[in-house]
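Colleague: Right, I'll just put the structure down here and ask away after.
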Amino acid sequence: MQLSQQYIQANKDRFLNELLEILRIPSISADPAYAGDVRKAAEWVKQNLETAGADHVRLEETAGHPIVYGEKLIDPAAPTVLVYGHYDVQPADPLHLWDSPPFEPVVKDGVIYGRGTCDDKGQFFMHVKAFEAMLKSGELKCNVKFMIEGEEEIGSDHLGLFVQANKELLQADVILISDTSIIANDIPSIDVGLRGLSYMEVKVQGPNKDLHSGVYGGAVANPVNILCQMIASLQDEFNRITIPGFYDDVQELSAADRAAMAQTPFDLDSYQKELGIAAVHGEAGYSTLERASIRPTLDVNGIWGGYTGEGAKTVLPSLAHAKISMRLVPNQSSAKITELFTQHFLSIAPKGVKVTVTPHHGGEAYVMPTDSVAYQAAAEAMETTFGKMPVPTRGGGSIPIVALFEKELGIKSVLMGFGLDSDDIHSPNEHYGLFNFYKGIETIPYFFENYYRLNQ
Ligand code: BES
Ligand code: MN
Ligand code: MN
């Protein structure tokens, strides 16, 4: 890998400048107003992949945002690696909390600031540049396919359909993804799990219009009060979820696995300090790391209703709304949990209100065995560039397409991410370290080399 490493060193500045280019395109998949920019980002990725040396690079149209596909097939006998990533980003709001504009990336003290720097433009782009380095140095030994999508942040629905319809095209031995975190820059790790998701929206309707809260208050159900009571009742005093059947299929970790997890480096003090909290909070009987990875959760993501403007307006609102997500663990079914939630939430509604439940996207959890060739290839690659073996960790986030890849294509994914949990993905001032960006580019060629070797 000597030559690719030299190529990377010689082209470092250009790689960064190219990344800054795509970071300037506001490819927000959730907001239809940005559909043109999402397409612009896809075109940019296509261009860059072509220049890097990929063949048959094209936009695959979907009913939503396009998928960028490209490949380099060098030897039918060699293993094939499918690289997946996403060029879409989360909305940038609240804008006033950013120290610099989200789509005008800046590099400050070795850190790139901007929406998508870590999630996932800065990370998928490492693969394009590592590929370029391997190809231009004549060191690429595996076949490579790229599939970079534009709807990950809104649930990957159209990618799911594309995968089902293109099983032949996407045939590969492994899927390689950088869209997760390491523990710290001096503690490399690899996520061997992702949580699933059920995302719901609920509406509580009371009186047919907003009322005077003095004239009617006390006699008519207040939908905001009711919604708060209903949501509060979804968790008990042990912070366990009260939806009947919710835990039925939960896969419990063995005592040995829990003991291993307890060895994962974790500093509670700095965790609390960084988040500005005086104490952690969660399901009784589980550690913070467990609560945030191997246990299912229920969280309100947003709640609104009534008067929220300046000053005080006395009003008894007609409507209340909330968006509620449940993170799921292996063996729970997103469809089943969605159904259990819906039935339960409707059943606890008092007579004075009308409740509606609407499911948004969902997805299944995922686990990667550490005794697989692909995990070994990634672990040894990180060992080479970080100077120590990575720790296997269970991640708390979700990438629903990963379980679908396994189900539809029968292919496992390696989650070799390089971000940090403190990179503020989805938040104001999202950032990504230059250390992490370059470390990723340097590590990826070793993955390919190891994966090729371990398959011989
Ligand atoms: N890259 C994240 C997922 C992630 C982040 C996994 C950090 C592990 C560690 C991904 O882009 C994401 O944000 N996924 C969404 C789910 C999606 C359906 C909107 C999530 O986890 O909320
Ligand atoms: Mn992501
Ligand atoms: Mn994301």
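The values are calculated or read from the model by the stated rules, or taken from the named source; none is laboratory data. Predicted model only: the values in this text are computed from it and were never measured. No Cβ is skipped: glycine too gets one built from the backbone with ideal geometry, and neighbour counts run over all protein chains shown. Areas reflect the complete protein model, heavy atoms only, side chains present, ligands, DNA and RNA absent. Shrake-Rupley method; radii C 1.70, N 1.55, O 1.52, S 1.80 Å.
Colleague: P(r) for segment 1-48, please, calculated from all Cα pair distances in 5 Å bins and given in %.
Modeller: P(r) for segment 1-48, in whole percents per bin: 5, 21, 20, 17, 14, 10, 8, 5, 2, 0.
Colleague: Right, here's the next one. How many Å³ per residue does the convex hull of the Cα positions in segment 402-449 occupy?
Modeller: Dividing the Cα hull volume of segment 402-449 by its residues yields 90 Å³.
Colleague: Where in segment 1-27 does the amide nitrogen come within less than 14 Å of the point 7 Å from the Cα of residue 107, taken along Cα to Cβ?
Modeller: 9-23
Colleague: If you don't mind, there's one more thing I want to ask. Can you give the accessible area per residue of the chain, in Å², using a 1.4 Å probe?
Modeller: Per-residue value: 43 Å².
Colleague: Could you tell me how many cubic angstrom of Cα convex hull volume segment 313-456 has per residue?
Modeller: 156 Å³
Colleague: Expressed as cubic angstrom per residue, what is the convex hull volume of the alpha carbon set of segment 125-191?
Modeller: In segment 125-191, the Cα hull volume divided by residue count equals 137 Å³.
Colleague: Given 25 °C and 0.890 mPa s, how large is the Stokes-Einstein diffusion coefficient of segment 260-384 in µm²/s, with Rh as the Kirkwood radius over Cα pairs?
Modeller: Estimated via Stokes-Einstein, D reaches 129 µm²/s.
Colleague: With just the Cα atoms defining each centre, how far is segment 402-456 from segment 346-372? Give it in Å.
Modeller: With segment 402-456 and segment 346-372 each reduced to a Cα centre, they are spaced 28 Å.
Colleague: For segment 1-128, take N as its residue count and report Rg(C-alpha) divided by 2.2 N^0.38 Å.
Modeller: That works out to 1.15 for segment 1-128.
Colleague: Now a separate question. To the nearest µm²/s, what D does Stokes-Einstein give for segment 56-188 at 25 °C and 0.890 mPa s, using the Kirkwood radius over alpha carbon pairs as Rh?
Modeller: Numbers: Rh = 16.6 Å.
The calculation lands on 148 µm²/s.
Colleague: Can you give me the distance in nm between label points at residue 96 and residue 205, each placed 7 Å from the Cα along the Cα-to-Cβ direction?
Modeller: Simple spin-label model gives 3.4 nm for this pair.
Colleague: In degrees between 0 and 90, to the nearest 10, how far off the longest principal axis of the chain does helix 121-136 point, with axes built from Cα atoms?
Modeller: 10 degrees
Colleague: Please report, in whole Å, how far the alpha carbons of segment 370-422 spread along each principal axis, starting with the longest.
Modeller: Extents along the principal axes, in whole Å: 36, 29, 14.
Colleague: Hey, another quick one. With +1 on each Lys and Arg Cβ and -1 on each Asp and Glu Cβ, how big is the dipole of segment 9-120 about its Cα centre, in debye rounded to the nearest 20?
Modeller: Dipole of segment 9-120, to the nearest 20 debye: 180 debye.
Colleague: Now a separate question. To the nearest 20 Debye, how big is the dipole of the chain about its Cα centre, given +1 on the beta carbon of each Lys and Arg and -1 on that of each Asp and Glu?
Modeller: Roughly 660 debye for the chain.
Colleague: Note down the accessible area of residue 201, probe 1.4 Å, to the nearest 10 Å².
Modeller: Its heavy atoms expose roughly 40 Å² to the probe.
Colleague: Hey, another quick one. Return the equivalent ellipsoid semi-axes of segment 104-148 as a descending list in whole Å, where each equals the square root of 5 times an eigenvalue of the C-alpha gyration tensor.
Modeller: Over the Cα atoms of segment 104-148, the ellipsoid semi-axes are 27, 13, 6 Å.
Colleague: Going through the cross-link list 129/167; 46/136; 46/129; 108/439, which pairs have a Cα-Cα distance over 24 Å in this structure?
Modeller: 129/167
Colleague: Okay, next question. What translational diffusion coefficient, in µm²/s and rounded to a whole number, does the Stokes-Einstein relation yield for segment 142-261 at 37 °C and a viscosity of 0.692 mPa s, taking the hydrodynamic radius as the Kirkwood radius over Cα pairs?
Modeller: Translational diffusion coefficient: 159 µm²/s.
Colleague: Over the chain, what is the mean sequence separation of C-alpha contacts under 8 Å (at least six apart), divided by residue count, expressed as relative contact order in percent?
Modeller: 25 percent
Colleague: A follow-up question, please. In degrees from 0 to 90, rounded to the nearest 10, what is the angle of the helix 35-52 Cα long axis to the longest principal axis of the chain?
Modeller: That helix lies at roughly 20 degrees to the long axis.
Colleague: What angle, in degrees between 0 and 90 and rounded to the nearest 10, separates the Cα long axis of helix 2-23 from the longest principal axis of the Cα atoms of the chain?
Modeller: Taking the Cα atoms of the chain, the angle to 2-23 is about 40 degrees.
Colleague: Still on this structure, please answer the following. Counting only protein heavy atoms, what percent of the accessible surface of the chain is carbon or sulfur at a 1.4 Å probe?
Modeller: 51 percent
Colleague: Taking segment 292-332 as the region of interest, what is the percent of Cα-Cα pairs per 5 angstrom bin, listed from the shortest bin to the one with the maximum distance?
Modeller: 6, 18, 17, 15, 12, 10, 8, 8, 5, 1
Colleague: Counting pairwise Cα distances across segment 205-307, what percent come out greater than 17 angstrom? Don't jump to the answer; show the numbers that get you there.
Modeller: Numbers: 3558 of 5253 pairs.
In whole percent, the long-distance tail amounts to 68.
Colleague: Another question, if that's okay. Classify the chain: rounded, prolate or oblate, from the alpha-carbon gyration tensor (a ≥ b ≥ c, eigenvalue square roots; a/c under 1.5 rounded; otherwise prolate if a/b is larger than b/c)?
Modeller: Here the chain falls in the prolate category.
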